[in-house]
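Enquirer: Let me give you the structure first, and then I'll get to my questions.
The values are calculated or read from the model by the stated rules, or taken from the named source; none is laboratory data. The model shown is predicted, which means the values in this text are computed figures rather than measured ones. Cβ coordinates were reconstructed from backbone atoms using ideal geometry, including for glycine residues, and neighbour counts include every protein chain displayed.
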Amino acid sequence: MGKHPKPSPHSGPELPSFEFSSGIAPSDLVFIPPDHMSPTTAPSLRSRTSGVLLHPSSLPGPAGIGDLGAASVRFAESLAAARQSWWQMLPVGPTGFGNSPYSALSSFAGNPLLVSLERLADEGWLSGADLAGPAWRLDRVPFAEVDAFKTERLRRAFATFERGATREQRERFDAFRSSTTWLADWSLYRALKDANGGSVWTEWEPGVRSRKPAALAAARDTLATEIRYHEFVQHAFARQWDALHARCRELGLGLIGDVPFYVPHDSAEVWANQDMFDLGRRGRPMRVAGVPPDDYAKDGQLWGFPLYNWERMRERDYSWWLSRFRTTLGRFDAVRIDHFIGFHRAWAVPARLKNALKGRWIMGCGGDVFERLKRESGSLQLIAEDLGVVTPEVEQLRDGFDLPGIRVLQFGFGWDPAQTHLPHSYPKRSLAATGTHDNDTSLGWYQSIDNDGMRDWV
């Protein structure tokens, strides 16, 4: 492979390069975009294209985790060199308990762990000495250690910014603060959570828990510096994300994001919009989402996410959902909707129960959100994750908005009586994947097959 450009003085240890089957190094590449796109223009889901699913955190990073810095740029360039059209990611929000992207503390904010410390050093907010850290393992992310290391450096960067930012830099920061509609709720929630030892918001002081105006005003005054710190981190995330996205556009590479249907109870959005969820007087869920019993789980699955108050959302013209899609589509060029089935119906289980046996189906909002989104944007660059029990009503909802569904090759060689996941059955409008984030890699899956006949069939 050819050599990459020399890293900046603050770029940290040199990271591994990436190489795909084309054998072309990004530094050797004079990119000629495929016929279906032009530079600075994202590809379309209506064209036959291909891509790779990889969360940025899985890239090698100089602070123990992949981030939005050099490794992400190199990976994007390698995808372009291999003539790929898409880079698909899992959700990029700030993770909570378990560090799962699907259990984020916010559906709008970015994950601070993805902020590149090297990029902050390039801007002058950190020194070279600030970047020095332990020899991080490369096989997995030690989240607790990474979180402590990066948080301490982010706070150093914030302190440097507060002391030495120019007028132009402060104006740019203030413009971000005033134009980002979700930022005030997120930064206050995050500051309050830290001030309360990380406890769930239902355990906070009653006035703050129920969002009494006087209590919120007092909290904003008391926690002003902490709030501003969290705003600074989101500003850094946004600037780095925009730079990465711009580079992807130059390469003709589109980004596919992910919107989980449910959001965790312990999140900024549920705390800030309590009347839009099925909650009791003290803010605790009345019913939670799950899956009914089947051959794989005799007690069903109890996911624990709060259910939506669709009546209240309808009264507000689904403004929360539209804001959520706008924010995600502002970062990405297309969006996968996790658990698309939830828009049709949900398995509702009383929150006091320990399993999902005694739940019942309740109806969702159907196509209401998509109708409004289509009127607003004109076209829908959306992918419906329709894995699971797909009823005719779900198919009608998906096809009514001409959304591609998902087919997974690995599923086709398991229990799939209808053979819907074998390639000869794929509809023209579908995202065909070898596997998902819930599966083993294709090589690992193949090597794990202990039935010789099955392996020969594969």
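Enquirer: Within segment 161-168, is there a residue that is within 22 Å of Ser107 (Cα to Cα) and not aromatic (Phe, Trp, Tyr)? Show your work before the answer.
Expert: Here is the first cut: in segment 161-168, the ones within 22 Å of Ser107 (Cα to Cα) are none.
No, the conditions are met nowhere in segment 161-168.
Enquirer: Now a separate question. Taking strands (runs of 3 or more DSSP E) that fall entirely within segment 334-427, which contain at least 2 residues that are of a type outside the set (Asp, Glu) and either farther than 17 Å from Asp438 by Cβ or in contact with a Gly (Cβ under 6 Å, 6 or more places away or on another chain) (or both)? Give the steps one after another, and end with the answer.
Expert: Numbers: elements: 334-338, 345-350, 360-363, 382-384, 405-408.
Result: 334-338, 345-350, 360-363, 382-384.
Enquirer: Moving on to the next point. Considering only segment 290-297, I want to know if a residue exists there that is of a type outside the set (D, E, K, R), farther than 25 Å from Leu216 by Cα and under 23 Å from the mean Cα position of the chain (by Cα).
Expert: Yes, some residue in segment 290-297 is of a type outside the set (D, E, K, R), farther than 25 Å from Leu216 by Cα and under 23 Å from the mean Cα position of the chain (by Cα).
Enquirer: Still on this structure, I have one more. Residues being part of a loop (DSSP other than H, G, I, E, B), out of contact with any Lys or Arg (no Cβ under 7 Å at 6 or more places or on another chain) and within 18 Å of Ala334 (Cβ to Cβ): count how many of those fall in segment 42-82.
Expert: Residues flagged as part of a loop (DSSP other than H, G, I, E, B), out of contact with any Lys or Arg (no Cβ under 7 Å at 6 or more places or on another chain) and within 18 Å of Ala334 (Cβ to Cβ) within segment 42-82 amount to 10.
Enquirer: Can you name the number of the only condition in (1) surrounded by fewer than 18 Cβ atoms within 10 Å (Cβ to Cβ); (2) among the hydroxyl-bearing types (Ser, Thr, Tyr); (3) at pLDDT 95 or above that Thr40 fails?
Expert: (3)
Enquirer: Here is a further query. Mind listing whichever residues of segment 272-290 are part of a strand (DSSP E or B) and closer than 11 Å to Ala348 by Cβ? Lay out the reasoning, then the answer.
Expert: Going residue by residue through segment 272-290, those that are part of a strand (DSSP E or B) are 277, 279, 285, 287-290.
Within segment 272-290, Pro285, Arg287, Val288, Ala289, Gly290 meet the criteria.
Enquirer: Tell me yes or no: at least one residue of segment 200-212 is over 25 Å from the mean Cα position of the chain (by Cα), within 24 Å of Arg155 (Cα to Cα) and without any contact (Cβ under 8 Å) to a residue 40 or more places away in the chain.
Expert: Within segment 200-212 (the criterion being over 25 Å from the mean Cα position of the chain (by Cα), within 24 Å of Arg155 (Cα to Cα) and without any contact (Cβ under 8 Å) to a residue 40 or more places away in the chain), the answer is no, since none of the residues qualifies.
Enquirer: A follow-up question, please. For segment 306-333, how many residues are of a type outside the set (Ser, Thr, Tyr) and part of a helix (DSSP H, G or I)?
Expert: Within segment 306-333, the subset of a type outside the set (Ser, Thr, Tyr) is 306-307, 309-317, 320-322, 324-326, 329-333.
Applying the additional criterion that residues be part of a helix (DSSP H, G or I) yields 310-315, 320-322, 324-326, 329-331.
Counting residues in segment 306-333 that are of a type outside the set (Ser, Thr, Tyr) and part of a helix (DSSP H, G or I) gives 15.
Enquirer: Given the residues Phe343, Phe370, Phe325, which is the only one that is within 23 Å of Ser179 (Cα to Cα) and among the aromatic types (Phe, Trp, Tyr)? Working first, answer last.
Expert: On the way: Phe343 fails: within 23 Å of Ser179 (Cα to Cα); Phe370 fails: within 23 Å of Ser179 (Cα to Cα).
Selected residue: Phe325, the only one of Phe343, Phe370, Phe325 that is within 23 Å of Ser179 (Cα to Cα) and among the aromatic types (Phe, Trp, Tyr).
Enquirer: Something else: Testing Arg287 on (1) touching a Phe, Trp or Tyr at 6+ places or on another chain (Cβ under 7 Å); (2) buried (at least 18 other Cβ atoms within 10 Å of the Cβ); (3) charged (D, E, K, R), one condition comes back false. Which one is that?
Expert: Just one mismatch for Arg287, condition (1).
Enquirer: Also, I was wondering about something else. Scan segment 70-94 for residues that are over 15 Å from the mean Cα position of the chain (by Cα) and over 26 Å from Ser44 (Cα atoms) and report the count. Spell out the reasoning first.
Expert: Step one: filter segment 70-94 for residues over 15 Å from the mean Cα position of the chain (by Cα), giving 70-86.
From what is left, the residues that are over 26 Å from Ser44 (Cα atoms) are 70.
Matching residues across segment 70-94 total 1.
Enquirer: Considering every residue within segment 106-113, establish whether at least one is touching a Ser or Thr at 6+ places or on another chain (Cβ under 8 Å), among the hydroxyl-bearing types (Ser, Thr, Tyr) and surrounded by 15 or more Cβ atoms within 10 Å (Cβ to Cβ). Walk me through how you get there before you give the answer.
Expert: The first filter runs over segment 106-113 and keeps only residues touching a Ser or Thr at 6+ places or on another chain (Cβ under 8 Å), leaving 106-108, 111-113.
Now restrict to residues that are among the hydroxyl-bearing types (Ser, Thr, Tyr): 106-107.
Adding the requirement that they be surrounded by 15 or more Cβ atoms within 10 Å (Cβ to Cβ) leaves 106-107.
Yes, the conditions are met somewhere in segment 106-113.
Enquirer: Looking at Ala76, Ala70, Ala82, which is the one that is hydrophobic (A, V, I, L, M, F, W, C) and surrounded by fewer than 22 Cβ atoms within 10 Å (Cβ to Cβ)? Outline the logic, then answer.
Expert: Working: Ala76 fails: surrounded by fewer than 22 Cβ atoms within 10 Å (Cβ to Cβ); Ala70 fails: surrounded by fewer than 22 Cβ atoms within 10 Å (Cβ to Cβ).
Ala82 is the lone residue from the list that is hydrophobic (A, V, I, L, M, F, W, C) and surrounded by fewer than 22 Cβ atoms within 10 Å (Cβ to Cβ).
Enquirer: Sort out which residues of segment 38-96 are touching a Phe, Trp or Tyr at 6+ places or on another chain (Cβ under 7 Å) and aromatic (Phe, Trp, Tyr), and write them in order of number.
Expert: Phe75
Enquirer: Just one of Phe158, Phe143 is of a type outside the set (Ser, Thr, Tyr), within 21 Å of Ala129 (Cβ to Cβ), out of contact with any Pro (no Cβ under 8 Å at 6 or more places or on another chain) and surrounded by 14 or more Cβ atoms within 10 Å (Cβ to Cβ); which is it?
Expert: Details: Phe143 fails: within 21 Å of Ala129 (Cβ to Cβ).
The match here is Phe158.
Enquirer: Same structure again: Checking Arg249 against (1) in a helix (DSSP H, G or I); (2) more than 18 Å from the chain's Cα centre (by Cα); (3) more than 22 Å from Arg336 (Cα to Cα), which test does it fail?
Expert: (3)
Enquirer: I'm trying to understand the selection: among the residues of segment 198-236, which are in a helix (DSSP H, G or I) and among the hydroxyl-bearing types (Ser, Thr, Tyr)? Spell out the reasoning first.
Expert: At the first step, the residues of segment 198-236 found to be in a helix (DSSP H, G or I) are 201-203, 206-209, 213-222, 224-236.
Within segment 198-236, Thr202, Thr222, Thr225, Tyr229 qualify.
Enquirer: How many of the residues making up segment 435-458 are surrounded by 13 or more Cβ atoms within 10 Å (Cβ to Cβ) and either at pLDDT below 80 or assigned to a loop (DSSP other than H, G, I, E, B) (or both)?
Expert: Residues of segment 435-458 that are surrounded by 13 or more Cβ atoms within 10 Å (Cβ to Cβ), as a first pass: 435-437, 439, 442, 445-446, 449, 455, 458.
Pick out the ones that are also either at pLDDT below 80 or assigned to a loop (DSSP other than H, G, I, E, B) (or both) and you get 435-437, 439, 449, 455, 458.
Residues that pass the stated criteria total 7.
Enquirer: Give segment 43-60 a look and list any residue that's crowded, with 20+ Cβ neighbours inside 10 Å, within 17 Å of the chain's Cα centre (by Cα) and not small (Gly, Ala, Ser), or say none.
Expert: Pro56, Leu59
Enquirer: Among Ala191, Ala215, Ala184, which is the only one that is modelled with pLDDT of 95 or more and more than 20 Å from Asn111 (Cβ to Cβ)? Write out each step before concluding.
Expert: Values: Ala191 fails: more than 20 Å from Asn111 (Cβ to Cβ); Ala184 fails: more than 20 Å from Asn111 (Cβ to Cβ).
Every option except Ala215 fails the conditions.
Enquirer: Something else about it: Which condition breaks for Arg46 when tested against (1) within 30 Å of Leu154 (Cβ to Cβ); (2) without any contact (Cβ under 8 Å) to a residue 40 or more places away in the chain?
Expert: Going through the list (1) within 30 Å of Leu154 (Cβ to Cβ); (2) without any contact (Cβ under 8 Å) to a residue 40 or more places away in the chain, Arg46 breaks only (1).
For every residue, the table says whether it meets (1) crowded, with 22+ Cβ neighbours inside 10 Å; (2) of a type in the set (A, V, I, L, M, F, W, C).
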{"residue": "Arg220", "(1), (2)": "no, no"}
{"residue": "Arg239", "(1), (2)": "no, no"}
{"residue": "Arg249", "(1), (2)": "no, no"}
{"residue": "Leu253", "(1), (2)": "yes, yes"}
{"residue": "Asp258", "(1), (2)": "yes, no"}
